[in-house]
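The values are calculated or read from the model by the stated rules, or taken from the named source; none is laboratory data. Keep in mind it's a predicted model, so treat the numbers as computed, not measured. All Cβ positions, even for glycine, are placed from backbone atoms using ideal geometry, and neighbour counts span all protein chains on display. Keep in mind that these areas ignore ligands, DNA and RNA; they rest on the heavy atoms of the full protein, side chains included. Shrake-Rupley method; radii C 1.70, N 1.55, O 1.52, S 1.80 Å.
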Amino acid sequence: MKKFWALFFIFWPIVALYVCLVAPSRNWWFPSAPMSSLGHQIDGLFYLILIIVTVTFVGTQVGLGYALWKGATKKPGEKAMFSHGSHKLEIMWTIVPSFVLVFISLTQLEVLANIRVLARFPDEARKTPVAEVTARQFEWRIRYPKPGTQLATEPQEGDLYFVNELHVPVSQPVMVHLRTQDVQHAFFAPKLRVKQDAVPGLVIPIWFEIEKAGEYELVCAELCGWGHYKMKARIIAESEESYLKYLSALESDQNEDGVAEQAESASAEE
Amino acid sequence: MSHDDHATHHVNYLAIFFVLCGCTALSVVFDVLHMPKPVTIVLVLAVACAKAMCVMMYFMHLKFEGNWKYVLLAPTTILSIGLPLALFPDIGRSYYISVAPQTGVWAPEISDFESHEASHAEVPAAEAEAAPAE
Amino acid sequence: MATVTPSLGAHGHADDHAHGHHEQTFISKYVFSIDHKVIGIQFLVTTLLMLMVGGALALAVRWQLAFPWGSMPIVGKLFGLFQTEGGQISPEFYTMLFTMHASVMIFLVIIPVLAGAFGNFLIPLQIGADDMAFPVLNMLSYWFMWPAIACFGISFVASGATAGPGNGWTSYPLLSDLADAAPSSGAAQTWWLFGLTLVGVSSMMGSVNYMTTIINMRAPGMTLFRMPLTIWSMFITAILQAFALPVLTAAGFMLVFDRLSSLLPTDVHSVFFIPAGIVVNNAAPTIGGGQPLLWQHLFWFYSHPAVYIMLLPAMGMVSDMLACMCRKPVFGYKPMVYSMAAIAGLGFIVWGHHMFTSGMNPALGMTFMTSTMMIALPSAIKVFNWIGTIWDGNIKFNAVFLNCAAFVALFVVGGLSGIFMAAVPVDIYFHDTYFIVAHFHYVLFGATLFGVFAAVQFWYPKMFGREMNDTVQKWHFALTFIGMNGTFFPMHLLGIAGMPRRYADPYLHGYLEHLLPMNQFMTISAIIMGFAQFLLLGNFALSFFFGKKAGRNPWGANGLEWSAPSPPGHGNFDVPPVCYRGPYEYSSPEAEAMGQDFILQTSPPPAGYKASSNHGH
Amino acid sequence: MSHTAAPPALKMGIPIPNSKLGLWLFLGTEIMFFTAFIGSYIVLRLGSQGWPVDPKDTHINVLLGGVNTFVLIVSSYLVVVAHEAMAQKNFGKARTYLTGTMILAFLFLGIKSVEYLGKIQHDIVPGHIAETPTQAISKVSREMEVVVRKRFREYTDGGAVVTERPNDIVNVVNLIAAIPDGKPPEGMPDYVFREYQATAPGDLELFRKWMNLHQHIVANVSLTVPALPAEYLAARESLKQGDKFPELKYEEVKDLLKEMKANEQYGSYVSAGVFDPHPIVYGNIFASCYFLMTGFHAIHVIVGMILFAVVLKQGSGLDEKWTDFLENSGLYWHFVDLVWIFLFPMLYII
């Protein structure tokens, strides 16, 4: 029975590793390859940590399993080793992990700065934010500046509105302003590896560069009430021309509906 | 045990008391003097710290306690200074644009109001100040 | 022994207590008892019951994730809450389920079972005191749990039976601040906050008591570095609680005052977390000037150390039990103590890693990332030391040991997945996905609860004088271990696949649809795991009547508690204990001189034996 | 409160009684409790784009605060000498000093109440303070509504007409208009009816002015009007006179208010209840912090008073058994004093 339990503890890490190994082929992995430039950096760091962690996991589980096996096969009557520890070992397994951990955190700093530090945002994106995304229970409201103008913090006359669909030009860094009208939400685009909370009272700029034209999910990642799960929206990355075409279509659409109705909808929004 | 302590030290509580009163008066004087704001802040907080030290050392007998006082008070002191310091970069100064309707959306209204106040009242309009109508 | 007479021990004041000698009624002996052992057992039984409540809530969560919008068993039909919907629960109800699962498990199970139950039972016994420093305070700390449980109970129904508190256990404003924000943000949320405050009061009374007792009431000879690691961990936990909890209590009061107008018929309310101009549910825009992020900082300032409050005592107890079951001294006693202290110290400065996506200042983010990385170091040291303790030991493969070994094995997983979270860029992707859920369940369930399962069995003979059935405990262990890994390991993969937490129906989103079968597998594992707990409860209850009678020291352990009768009478020790050595002198030459592989801390050095050196290095 | 009688050589731990150690540890938790409040106050204040500092806005009285500081210091001093007297077994003297402490504690709370009362009278309470002119106008309207309702309720007390909802007010108005010199309505006492006849014109005028103001607000600044019940909105619709109201400025409201208060027919009603609520930017967060910190400090003062009351209750039975208790209560009291030493400059001066 002793050996059974020792094998039990040796067996489960093998199963765990096996599951992780087959996971990508079973589609139990990232929803897709990263579709943004920052996503590649994030995934790179993920795999770096994954390697370090896997080595540690295998090492500790093998150590534990071997210690158990040794205990299970100990001859009856044999004494346990009498030892209070070893300074050498303690120093070794303090210093080695601390170097590894410092190494990991140093590798993160650059990418973190690229994601969050405003001064590091690509200039062209920072100067011309494409849209303001306002989260509310339970939808995403998009406001584009009036074509040819700069996005202002507060709504301006001629701004274009849409709900749950954000169009951005592909293959160029874009910046959007994120805010919320009510409670806290989070802007999460899994395939782009982008996530940022929308905090009441703050306007938070985020930037990303989508590499391939297409549709990408946008979901909410911060509990915002009963309908948290259904804040479903799309980010549509398209070529510069079709993006501009979309905006002008939106503009004429909005103007066609008549002034009265537009004014009404604008006041209802407040 | 605590009874024995008193045999070994004699504190002139009355003197400490007068020091504390003097410090309180000093705080009020600093307020009345209308010095530059940061100077006032530093001065009154320094006075408060001095008073706190007096109370802790003599009234709370910390001066006569053993070394345990450091073990007990060091962590709380570090944490109570550290907490506001750690909150400062996020709450005390927002890294992002902070939108507050009082000063954002309603800014034109506020400035209208203030200019009106300035023209109507003799007192110069400090922030959002108004002379009572009664 | 000749030099130390019993009356010189630290126990002369036993008679000072008002409960010294007079007759005790049933009520004063078992209900409003001021005896730390009874209080500890009261805590233990209460928390085991709450464990089942929390588990039931978790199973309901799992049911919805495996069979979304299917007919919910029990709640749908039996209670008839959702009869008109055909047993299909509402999304509000789902938010209540995970909120209350977390609240019950954290505040009514894990924290009180470690500090309340084992802290109370073990501290005086292991340091050789006759009771806690403040027995009445101790009793109050237990009886403050019940108003807390009542408040949590009322919160289920305060806003209607289908809209319990549903703002997550973190209760971020403004969702938790403005009553209009959600059906669950009304009275339910207020009652929830009251419950939280009362749990806080209970814990704070406990922690002051524990610290005083450990500092001042140790038996003669029980120096700091002769204390069992359990005591060290309880001491450090008490420090964490004492200095972190008041901040949460303060923040809780601030949130209650923000919510005052939803509580009283008044429109007076503070605005600490409410910025101006917020429009919730078409209500009037708020007036204010506060900042919601402030709550997150204050909340995590407590709740991150709380994670260690929920882990450290288990670490200490597992160290004790591993040494005993391997008949070996703990490998690296002092490094274990220092690493616990380091975890506590660092634990105060890492709270920001819960907020990496919250819009915090990036400079602060970098600081918090580095400190969070460094907290992995003491955890790693502890793991290596545990493996060192098991190494070449004379292992007793009973359920206590198996649970402890599982603690080590699963804590490794929880610790390693934490490294992904400490790294800000990677955490940005994983934040609020199931990866986080996997991580903290490996730490809190995989580590802490397995430690608790071991500790229940290990100290059961001391509590009740009888042993628990080991075979049943082994079955319980195996089923729980398999069920636990089956439930929580796939969550890592769900997280990598980008499945956010707290979604009532993740399959609404195309990129998550294919994960349904995996969730169904997890739910089946969870059900196995849930029902396995009846083995524990049954064994716990039946062993009280039918368990094998245990002597003073059934495990052959060294601690002072094993020199007392089982169960110890009032005042704990029949002979006031004097401590001669460290707690882990298993298989030492000294013990061998006595012809055994253990030597009680209270045994004087055997005749003819000369101690060569002090072993505690 | 037990403390050990073991000889020092065998006593583990530190040489102070458990009760004192426990109390110091408890004070450690209290420090963290107030740290959370004071720390939040500091960062919220630094993070705000404005903060009311003018005593006219905040109704902060440095002198009262200073006096209170002085009162607490004297009481702290008295506690110390009371404890010293206890240590010298001079229990009568100790009781006298302690009584002094209690009186000063009451004095502190009294002064505090005066300060609170002043703030409450001027409606400097969190959640009530107008931060923009728009909010100030709505506030005038809300306060006037209260006055108007109160007037109309007085007339219908014990009568058949209940004016709980605004459309009931409308009913009352219609009633007044319909029977200028008729009989009292069913259930209305005669004397009430007579008084009501005498003051009806003034009330009607007041009502008209308020309704006018209210309609201005609804027409122009709908943003800040709280959600209204459907019947209220309907009642307002029926009273609407013109189709578009001119823009209303804060100074106009102020002038209107001044003029109304000067009116001898109904001015007394208005001046009794309606203030000039000038906007105070970030006034609400200021008031929140002020009341939270001073409020929790006051609760601590009360707890300290209870501790001293327990000692004083012993009367002449006070003996050396109480020395430790008094010392610990004293430590607590000094801590309460310490908190105030920091609150005073932070709230009153800076």
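Computed over region C:476-617, the P(r) tail beyond 18 angstrom holds 72 percent of alpha carbon pairs. Across region C:193-207, computed HN-Hα scalar couplings (Karplus, 6.51 cos²θ - 1.76 cosθ + 1.60, θ = phi - 60°) run 5, 4, x, 4, 4, 5, 4, x, 4, 4, 5, 5, 4, x, 6 Hz from first to last residue, x flagging Gly and Pro. Loop-resident GluC sites (Glu not before Pro) (DSSP state other than H, G, I, E or B) in region A:117-208 with no more than 16 further Cβ atoms inside 10 Å of their Cβ: A:E157. Using the Cβ-Cβ distance between C:Q520 and A:S25 with R0 = 22 Å, the FRET efficiency computed as 1/(1 + (r/R0)^6) comes to roughly 0.65.
For a paramagnetic label modelled on A:L7 (point 7 Å from Cα along Cα→Cβ), amide N atoms under 18 Å away belong, within region A:38-81, to A:62, A:65-74. Tell me the angle of helix C:362-390 to the major Cα principal axis of chain C, expressed in degrees between 0 and 90 and rounded to the nearest ten. It works out to around 40 degrees.
Ellipsoid fit via the Cα gyration tensor, chain C: semi-axes of 42, 26, 24 Å, each the root of five times an eigenvalue, largest first.
Calculated FRET efficiency, A:H87 to C:E513, Cβ-Cβ distance, R0 = 56 Å: about 0.50 to the nearest 0.05.
If you take the beta carbon distance between B:A50 and C:V157 as r and set R0 to 56 Å, what does 1/(1 + (r/R0)^6) give as a FRET efficiency, to the nearest 0.05?
Working: r = 54 Å, r/R0 = 0.97.
The calculated FRET efficiency here is 0.55.
For chain A, modelled as a GNM whose springs connect Cα atoms under 10 angstrom apart, the maximal fluctuation among A:N114, A:N27, A:N255 occurs at A:N27. Think of chain A as having a plus end and a minus end, set by charges on the Cβ of Lys, Arg, Asp and Glu; of A:P76, A:V19, A:H167, A:P76 sits farthest toward the positive end of this dipole. Per-residue SASA remark: A:R234, around 90 Å² accessible (1.4 Å probe; ligands, DNA and RNA not included). Take the Cα coordinates of region C:193-295, assign each an equal point scatterer, and use the Debye formula without solvent to give log10 I(q)/I(0) at q = 0.13, 0.16, 0.25 Å⁻¹. Once normalised to I(0) and log-transformed, intensities are -0.63, -0.78, -1.26.
For the residue pairs A:K212/A:K232; C:K29/C:K328; D:K119/D:K150, the alpha carbons lie more than 29 Å apart in C:K29/C:K328.
Taking a point 7 Å from the Cα of C:V45 along the Cα-to-Cβ direction, the residues of region C:535-571 with backbone N closer than 11 Å to it are C:541. Per-residue ellipticity at 222 nm from helix content only, as computed over the protein assembly as shown with -39500 (n - 2.57) for each DSSP H run of at least four residues, stands at -19000 deg cm²/dmol.
Dimensions of region D:242-350 from C-alpha coordinates, computed as largest minus smallest value along each principal axis and given longest first, are 81, 33, 25 Å. Overall, the ratio between the Cα radius of gyration of the protein assembly as shown and 2.2 N^0.38 Å, rounded to two decimals, is 1.00. Placing pseudo-labels 7 Å out from each Cα toward the beta carbon at A:K146 and C:V136 gives an inter-label distance of 7.5 nm. In terms of accessible area, using a 1.4 Å probe and ignoring ligands and nucleic acids, C:D470, D:D255 rank largest first as D:D255, C:D470. Relative to the dominant Cα principal axis of chain C, helix C:312-326 is inclined by about 40°.
Backbone geometry of region C:33-48 corresponds, through the Karplus equation with coefficients 6.51, -1.76 and 1.60 at θ = phi - 60°, to 3J(HN,Hα) couplings of 7, 10, 7, 4, 5, 5, 4, x, 5, 4, 4, 5, 5, 4, 5, 5 Hz, x marking Gly and Pro.
The modelled label-to-label distance for the pair D:I299/C:K396, using points 7 Å beyond Cα in the direction of Cβ, is 4.9 nm.
Computed from protein heavy atoms with a 1.4 Å probe, the total accessible area buried between D and B is close to 6000 Å².
Among residues other than A:I104 whose Cβ falls under 14 Å from its Cβ, what is the net charge (Lys/Arg +1, Asp/Glu -1)? Its environment carries a net charge of -2. Peptide packing for C:215-223, C:523-531 was compared via the average number of neighbouring C-beta atoms within 10 Å per residue; ordered from the highest value, the list is C:215-223, C:523-531. Here is the P(r) of region D:273-318: all C-alpha pair distances, binned every 10 Å from 0, give 22, 25, 22, 16, 11, 5 in whole percents. Here the Karplus relation 6.51 cos²θ - 1.76 cosθ + 1.60, evaluated at θ = phi - 60°, turns the backbone of region B:36-49 into coupling constants of x, 3, x, 5, 4, 4, 4, 5, 5, 5, 5, 4, 4, 5 Hz, with x for every Gly and Pro.
Would you look at the GNM of chain A, springs on alpha carbons closer than 10 Å, and say which of A:V62, A:V199, A:V219 moves the most? Of the options given, A:V62 has the highest mean-square fluctuation.
Within chain A, what percent of beta bridges assigned by DSSP are antiparallel, to the nearest 5? The antiparallel fraction comes to roughly 75 percent.
If you fit an axis through the alpha-carbon atoms of helix C:450-464 and take the longest principal axis of the Cα set of chain C, what angle between them do you get, 0 to 90°, nearest 10? Value to nearest ten degrees: 50.
Keeping all protein chains in place and using 1.4 angstrom, which order do C:K548, A:K79, A:K191, C:K37 fall into by accessible surface area, from largest down?
C:K548, A:K79, A:K191, C:K37
Over region A:124-256, the fraction of Cα-Cα pairs per 5 Å bin, rounded to whole percents and listed from the shortest bin up, is 2, 11, 21, 26, 21, 13, 5, 1.
Using every pair of distinct Cα positions in region C:456-529, the Kirkwood expression returns a hydrodynamic radius of 14.6 angstrom. Here the spin labels are modelled as points 7 Å beyond Cα on the Cα-Cβ line, and at C:W475 and C:N281 they lie 4.9 nm apart. Largest first, the three principal axis extents of the alpha carbons in region C:37-261 are 68, 36, 25 Å in whole numbers.
Within the shell defined by Cβ-Cβ distances under 10 Å, the residues around C:P425 carry a net charge of -1, with Lys and Arg each +1 and Asp and Glu each -1. Computed on region C:311-550, with alpha-carbon pairs under 8 angstrom and 6+ residues apart, the relative contact order is 22 percent.
For the residues of C:95-107, the average number of beta carbons from a partner chain within 10 Å of their own beta carbon is 1. The largest accessible area among A:K70, D:K139, A:K127 belongs to the first residue in A:K127, A:K70, D:K139, and the rest follow in falling order (1.4 Å probe, all chains). Relative to the globular-protein estimate of 2.2 N^0.38 Å, the Cα radius of gyration of region C:311-550 stands at 1.12. Label chain A by shape, choosing from rounded, prolate and oblate, from the square roots a ≥ b ≥ c of the eigenvalues of the Cα gyration tensor; if a/c is under 1.5 it is rounded, and otherwise prolate applies when a/b is larger than b/c, oblate when it is not. Prolate, because a/c is 1.5 or more and a/b exceeds b/c.
Sorted largest first, the principal axis extents computed over the alpha-carbon atoms of region C:248-393 equal 70, 35, 23 Å.
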